[in-house]
Amino acid sequence: MDNIKFRFNSHYLVTVFCIIISIFLIQCRKNNNSTQNEIHLLLNRHPFTESILHFIPEYEKQTGISVKTLLLSEEEYFEKLITELSSHNEYYDLFMVGFPQMWQYANAGWIEPLDNYIGDPNKTLADWDFADFFPELIKCSRWNLKHGEGIGQGPLWAIPVNEEGYVIFYRKDLFERFSVKVPTNYQEVYEAAKALTREVDGKQIYGFAHRGVRSWSTVNPGYFTAFSSYGGHDFDENKKCVINSSHGIEITDLFIRTLKEGGPPGWPSYTWYEGKEGFLAGNFAMWFDANHQAAAFEDPNKSHIAGKVGYLLPPAGPDGEVRSNTWIWSLAMNKFSSRKDKAWKFMAWATSKELLQRTVPYENINPTRQSVWNNPETIKATNWGEGEYRQTAELLLSKYARIRWTPSNKIPQIGDRWAEALQEIFSGTKTTKQALDDATKDIDRIVSN
């Protein structure tokens with residue numbers, strides 16, 4: 001009797017177990033089907049990313065594909081992204097990159113090359129028109145994975161969605177009111193910054209502002225532009241760090257003195273978000289950063305300085321040459337994604353002529369497509385300063401703004417160490433020469449490891 005009871009209980013338990021497993025497998029298939037009908041985006045907070053959020057519901061309705069997005073501030077974003085990719089996580093299908101991250105992630109094998117998608121008529125929209133992108137921006141999106149060379153060669157790793165050159169935004173009203181000369185060189189920037197650091201109508205104004213956090217992102221905009229215009233280079237032809245050259249020391253010393261004597265005391269904590277907001281609020285007479293921020297500065301609904309802003313090309317160096325650095329935000333695809341076709345479909349949509357044109361009113365004003373930049377609607381929307389903005393933007397893109405970094409998969413580490421040296425100079429713990437000499441040695445070690 002006990003044996004019969006045991007056999008009955010065993011049969012019952014097996015039946016229950018099989019039912020549970022069946023339910024689990026059915027649910028897994030449902031979840032897998034659900035996951036396969038969606039894509040996941042990891043994005044940094046930027047005018048392009050914020051602008052496309054307005055149109056994603058429309059894309060979901062048209063395609064039936066659910067789009068999940070995570071939007072983070074820049075420093076948080078890069079920390080999250082490298083964690084996801086280095087663990088070979090397939091969850092995020094698409095993400096934003098600049099060229100330092102593109103070089104780093106492509107070298108590590110974390111980015112999907114895109115040439116096969118562009119060349120396949122079954123995967124690309126008929127009117128997508130790859131040739132419409134500015135050629136210089138496509139050139140910057142290719143790299144052959146060789147340290148120190150190869151920009152414009154090898155696979156296409158990303159599709160550009162926003163370009164920035166660097167200008168000195170300046171308060172025309174303050175320069176006129178206090179009879180300060182609009183600067184034409186970096187010594188005059190220093191003098192104007194000192195002259196305009198003053199109390200104005202009961203409010204403290206600082207003459208000059210720039211990013212300052214201990215990050216490669218501080219080196220990239222105005223500072224590297226000034227450094228390059230003075231004849232400075234990060235590496236020589238032998239791939240040795242040379243940021244401590246006589247030219248590099250001279251301009252770095254002048255640039256940091258400008259910030260110490262004519263800039264805000266909290267400079268080492270400034271990201272571009274704080275700097276942009278400070279200029280919007282009327283706290284600075286000059287702000288040296290990405291030109292696309294003009295859209296916010298000229299918006300009377302959010303800006304205290306709308307209609308009062310001028311746009312200066314970066315000053316030339318001693319040899320008369322302007323050598324602006326640049327930045328290109330691009331969309332890239334996760335090498336480990338299991339939804340690559342759906343991811344490419346979204347990427348093609350997000351970088352199409354129609355979508356990029358529709359993002360212009362949402363501050364994505366430096367489009368990467370020639371047709372969008374030259375569209376009458378874009379011209380009307382960006383005709384600030386009686387055309388001064390467009391004139392500087394066109395000169396930067398066509399002539400002056402280029403990637404000044406030497407290609408390497410270690411630019412973030414190199415730039416972080418360089419920014420540390422700038423903060424050491426600002427704080428007075430080291431002279432300019434000492435800080436750059438020490439950073440040069442460390443950067444050579446970073447590259448050799």
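Taken together, the values in this text are just the output of simple stated rules run on the coordinates, not laboratory data. Remember, predicted model here, so these are calculated numbers, not experimental data. Cβ placement follows ideal geometry from the backbone for every residue including glycine, while neighbour counts extend to all protein chains displayed.
The table for this structure:
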| quantity | calculated |
| --- | --- |
| For the range 216-368: rounded, prolate or oblate by the Cα gyration tensor [a/c cutoff 1.5] | oblate |
| Integer Hz, Karplus 6.51/-1.76/1.60 couplings in order for the range 198-207, x for Gly and Pro | 6, 8, 10, 6, x, 10, 6, 10, 10, x |
| Net length gained if the chain between A381 and D299 were fully extended (0.36 nm per residue, minus Cα distance) | 28.4 nm |
| Reachable aspartates and glutamates, given that their alpha-carbon falls under 18 Å from the alpha-carbon of K80 and they are not under 8 places away in the same chain | E90, D93, D416 |
| Lysines with Cα under 18 Å of K340, excluding same-chain neighbours fewer than 8 positions away | K68, K123 |
| Loop sites in the range 66-126: chymotrypsin sites (Phe, Trp or Tyr not before Pro), DSSP, at most 15 other Cβ within 10 Å | Y91 |
| Candidates per GluC sites (Glu not before Pro) in the range 119-216, loop by DSSP, up to 15 other Cβ within 10 Å | E149 |
| Set of aspartates and glutamates with alpha-carbon distance to K399 below 20 Å, sequence-local pairs under 8 removed | D132, E136, E163, E164, D289, D319, E321, E388 |
| Long pairs among K194/K308; K276/K353; K335/K410; K139/K441, criterion Cα-Cα beyond 23 Å | K276/K353; K139/K441 |
| Label assignment, percent of Cα pairs over 32 Å apart derived from the structure, set (1) 43; (2) 36; (3) 49 | (1) |
| Candidates per trypsin sites (Lys or Arg not before Pro) in the range 186-246, loop by DSSP, up to 13 other Cβ within 10 Å | K240 |
| Test item: Cα-centred dipole of the chain, Lys/Arg +1 and Asp/Glu -1 on Cβ, debye | 880 debye |
| Extended-chain gain in nm, criterion 0.36 nm per residue less alpha-carbon gap, D253 and E79 | 59.6 nm |
